[in-house]
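Chemist: Starting off with a structure, shown below.
The values are calculated or read from the model by the stated rules, or taken from the named source; none is laboratory data. Predicted model only: the values in this text are computed from it and were never measured. Neighbour counts run over all protein chains shown; Cβ positions are idealised from the backbone, glycine included.
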Amino acid sequence: MASRRIRCSWLPVLALLLELVFGAQKAPKPPHLILIVADDLGWNDVSWHNPEVISPHLGKLASEGIILNQSYVQPICSPTRSALMASRYPFTIGRQGDVIYPMDPTGLTLNYTILPQELKKRGYDTHAVGKWHLGFCKWEYTPTQRGFDSFYGYYTGSENYYTHYRNYSYAGKHTEAVDRRESGYDFRSNTSVNWSAQGQYSAFLFADRVDGLLRSRSPGTPLFLYMPFQSVHAPLQVPRNYSDLYKNISDVNRRTYLGMVTAMDEAVGRIVTSLKETGHYDNSVIVFTTDNGGPTISGSNNWPLRGNKTTLWEGGTRGAAFIHSPILSYPGSVSNRLVHVTDWYPTFMHLAGMSDPQGIDGLNQWEALNNASLSDARDFFVYDLDETNGIRAAVRWGRYKLIVGDPGPSSWSPPTHIQEVTPAQEEAKTTNEELHANSIFSTTFRKAGKRTKRTDAAFMRMAVEYFTDRLMDMKDILKPSSRLTESRASNENRRDATHVSGDRVQKDKVLQEELKRRYRLSSGANLRLSDFKTVQDIVVANVTMQLYDVLDDPDERLDLAKVRTDVVHLLLARLQDELPRYHPREVYPDAILAAPDNYGGTWSPGWC
């Protein structure tokens with residue numbers, strides 16, 4: 001009897017031990033999530049694309065993580081930040097096409113729960129350090145009322161790196177001959193103006209703030225740190241010792257700009273050191289991305305990509321980015337999978353152990369990026385869709401990119417040290433296998449040596465399945481080649497791969513005139529995609545369209561629109577499918593009440 005009592009007395013202890021062992025396996029600690037956003041950083045402004053750039057800390061994080069070769073952002077600042085926080089294409093919430101200016105009476109819509117608010121539900125501490133630029137005309141738009149426990153930084157889009165003053169010119173009343181100009185201080189600790197930041201370089205202020213934050217908290221509580229740097233947005237300012245590192249560069253803007261990149265790199269290095277010294281690093285996931293392509297007018301460079309900030313070309317939208325974490329399965333990799341800026345919201349929610357959010361445009365990328373899997377999280381996205389001043393849109397599906405309307409300035413900007421670009425140099429610039437691999441559907445694992453691929457034929461099968469109910473839209477217009485997969489070279493030599501049937505030529509001319517009368521299309525500025533009922537209407541109305549195979553031709557030099565008209569139709573149809581979600585861009589006149597003189601010389605909320 002005594003023996004039986006002794007055996008029974010061990011049961012609670014055994015149960016407790018089993019719970020401790022298996023419970024710990026079931027519920028791993030959510031990782032610390034660190035989201036670092038550089039401002040106006042170009043494709044050729046990072047050391048993993050350009051060895052001229054001195055960024056040892058960022059370079060180490062990238063090389064020991066996963067370099068994201070096809071990570072896409074919006075072509076300009078506020079739209080990217082709204083997509084990050086809300087995981088919705090900007091054109092669906094009126095945030096496309098332009099930034100939020102200091103006197104704009106608007107902000108990121110309050111109708112949606114944004115990323116820090118979601119992570120708070122999972123028990124995360126949430127902190128924002130740096131640039132906001134999502135509106136501040138009323139307190140409800142500001143970070144500490146949108147899910148962040150603290151905010152240290154500035155509300156507007158740009159300012160002096162040392163004085164933290166922002167100047168803004170705007171149109172005066174119609175009776176005034178000149179524009180008016182406002183100037184105000186913009187630096188906050190939570191909701192209070194922080195005057196003590198004056199005279200200190202912002203990148204180092206932000207690094208010091210993060211260091212203090214990490215040393216004042218326990219790594220046992222999950223952390224979401226959102227760190228949108230001011231660097232490397234204009235004005236071009238940096239301590240002299242950083243620009244002096246680039247004395248070999250004659251162009252003063254480029255020299256200063258790269259000095260700013262190196263200063264930002266040092267700040268990132270300080271933050272990583274703080275993560276390690278405070279016990280946060282081993283259970284952290286760090287995502288680094290630019291907010292848009294680089295502005296070549298102020299020292300940036302996107303070579304060899306075409307275009308720059310504000311444009312829909314790859315140079316304006318393909319962002320320098322990586323993910324770094326000690327918990328990655330394949331560190332030291334280059335991924336060619338499609339990633340869109342909206343994807344970080346659901347990816348972070350997945351890492352936090354939360355269920356997939358509904359009604360967003362982002363997709364969870366963790367499994368696709370972290371595992372050598374055949375499945376891809378994404379094969380389609382919308383670059384942008386804006387009808388404010390005529391049609392301006394672009395979509396990507398598989399290897400193809402369709403541009404409709406005017407994508408913006410279309411030049412290539414060679415690095416300043418290249419005085420004359422020879423044909424041989426142009427050919428050589430896209431030969432880097434890791435950075436311009438011929439399949440979006442692949443990830444190169446350096447250590448594992450694995451690669452997965454999906455062919456162009458798979459894209460066409462996918463397209464046929466999607467458009468079974470829309471094939472009447474293309475009936476009798478095209479006679480496509482039976483060859484669905486063609487190399488870049490063969491495309492150049494096969495301009496007749498598809499041809500328009502002869503009896504349709506005259507019909508198209510008649511229909512084009514009819515469409516002009518029907519929709520009163522007198523010029524490109526009057527065109528809107530929503531005016532057209534079918535893909536056929538768009539085609540015969542001679543709307544400007546360009547098609548690129550951005551896997552074989554990432555520099556967008558060979559327009560395939562007249563060669564692959566079948567693909568043009570498919571992508572147009574997908575773009576049309578997005579039109580019901582279109583929300584016109586929010587455009588407001590400057591609000592005089594926002595003038596800093598009304599708020600003690602500061603840019604401050606409370607006027608809308």
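Chemist: So if I check each of GLY94, GLY59, which one is touching an Asp or Glu at 6+ places or on another chain (Cβ under 9 Å), touching a residue at least 12 places away in the same chain (Cβ under 8 Å), closer than 30 Å to ASP244 by Cα and surrounded by fewer than 24 Cβ atoms within 10 Å (Cβ to Cβ)?
Modeler: Selected residue: GLY59, the only one of GLY94, GLY59 that is touching an Asp or Glu at 6+ places or on another chain (Cβ under 9 Å), touching a residue at least 12 places away in the same chain (Cβ under 8 Å), closer than 30 Å to ASP244 by Cα and surrounded by fewer than 24 Cβ atoms within 10 Å (Cβ to Cβ).
Chemist: Now for a separate question. Among the helices (runs of 4 or more DSSP H) lying completely within the range 198-286, list those that include at least 3 residues that are among the charged types (D, E, K, R).
Modeler: 202-215, 252-277
Chemist: Out of (1) over 21 Å from the mean Cα position of the chain (by Cα); (2) over 24 Å from HIS324 (Cβ atoms), what's the single condition that is false for GLY123?
Modeler: (2)
Chemist: Still on this structure: Is it the case that some residue within the range 233-252 is within 20 Å of the chain's Cα centre (by Cα) and either closer than 22 Å to GLY316 by Cα or modelled with pLDDT of 95 or more (or both)?
Modeler: Yes: one or more hits.
Chemist: Give me the pairs: first residue in the range 221-244 and under 18 Å from THR126 (Cβ atoms), second residue part of a loop (DSSP other than H, G, I, E, B) and basic (Lys, Arg), beta-carbon distance under 8 Å, and six or more apart or on different chains, which are they?
Modeler: The qualifying pairs are PRO222/LYS29; PRO222/ARG122; LEU223/ARG217.
Chemist: Being loosely packed, with under 15 Cβ neighbours inside 10 Å and part of a loop (DSSP other than H, G, I, E, B) is the filter; apply it to the range 559-600 and report the residue that is farthest from the chain's Cα centre (by Cα).
Modeler: The extreme case among them is GLY600.
Chemist: Identify, by number, the condition in (1) modelled with pLDDT under 60; (2) under 21 Å from GLY220 (Cβ atoms) that PRO28 doesn't meet.
Modeler: (1)
Chemist: Looking at the range 222-243, which of its residues are in contact with an Asp or Glu (Cβ under 8 Å, 6 or more places away or on another chain) and under 22 Å from ASN292 (Cα atoms)?
Modeler: If the condition is that a residue be in contact with an Asp or Glu (Cβ under 8 Å, 6 or more places away or on another chain) and under 22 Å from ASN292 (Cα atoms), then PRO228, PHE229, GLN230, SER231, VAL232, HIS233, ALA234 are the ones that fit.
Chemist: Quick one: what pairs do we get from the range 589-608, first residue in contact (Cβ under 8 Å) with a residue 40 or more places away in the chain and of a type in the set (Ser, Thr, Tyr), second part of a loop (DSSP other than H, G, I, E, B) and surrounded by 14 or more Cβ atoms within 10 Å (Cβ to Cβ), C-beta under 9 Å, 6+ apart or different chains?
Modeler: TYR599/PRO605; TYR599/TRP607; THR602/ASP186; THR602/PHE187; SER604/PHE136; SER604/TYR155; SER604/ASP186
Chemist: GLY279: on the phi > 0 side of the Ramachandran plot, surrounded by fewer than 18 Cβ atoms within 10 Å (Cβ to Cβ) and modelled with pLDDT of 95 or more, yes or no?
Modeler: Yes.
Chemist: Just give me the residues in the range 125-164 being surrounded by fewer than 21 Cβ atoms within 10 Å (Cβ to Cβ), of a type in the set (D, E, K, R) and in a loop (DSSP other than H, G, I, E, B), in sequence order.
Modeler: Correct list: LYS138, ASP149.
Chemist: So ASN364 ticks every box in (1) out of contact with any helix residue (DSSP H, G or I) (no Cβ under 7 Å at 6 or more places or on another chain); (2) surrounded by fewer than 21 Cβ atoms within 10 Å (Cβ to Cβ) but one. Which box is left unticked?
Modeler: (1)
Yes/no matrix, rows are residues, columns are (1) out of contact with any Gly (no Cβ under 8 Å at 6 or more places or on another chain); (2) under 14 Å from LEU61 (Cβ atoms):
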{"residue": "ILE286", "(1), (2)": "no, yes"}
{"residue": "GLY293", "(1), (2)": "no, no"}
{"residue": "ILE297", "(1), (2)": "yes, no"}
{"residue": "THR310", "(1), (2)": "no, no"}
{"residue": "THR317", "(1), (2)": "no, no"}
{"residue": "ALA321", "(1), (2)": "yes, yes"}
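Chemist: May I ask you to list the residues in the range 295-342 that are farther than 23 Å from ASN253 by Cβ, surrounded by fewer than 23 Cβ atoms within 10 Å (Cβ to Cβ), in contact with a Lys or Arg (Cβ under 7 Å, 6 or more places away or on another chain) and not hydroxyl-bearing (Ser, Thr, Tyr)?
Modeler: GLY332
Chemist: Give the residue that is farthest from LEU551 (Cα to Cα), with candidates limited to residues of the range 344-359 that are crowded, with 24+ Cβ neighbours inside 10 Å and in contact with a strand residue (DSSP E or B) (Cβ under 9 Å, 6 or more places away or on another chain).
Modeler: Only one residue fits best here, namely PHE348.
Chemist: Go through (1) in contact with an Asp or Glu (Cβ under 8 Å, 6 or more places away or on another chain); (2) under 29 Å from LYS562 (Cβ atoms) for THR311 and report which single condition fails.
Modeler: It is condition (1) that THR311 fails.
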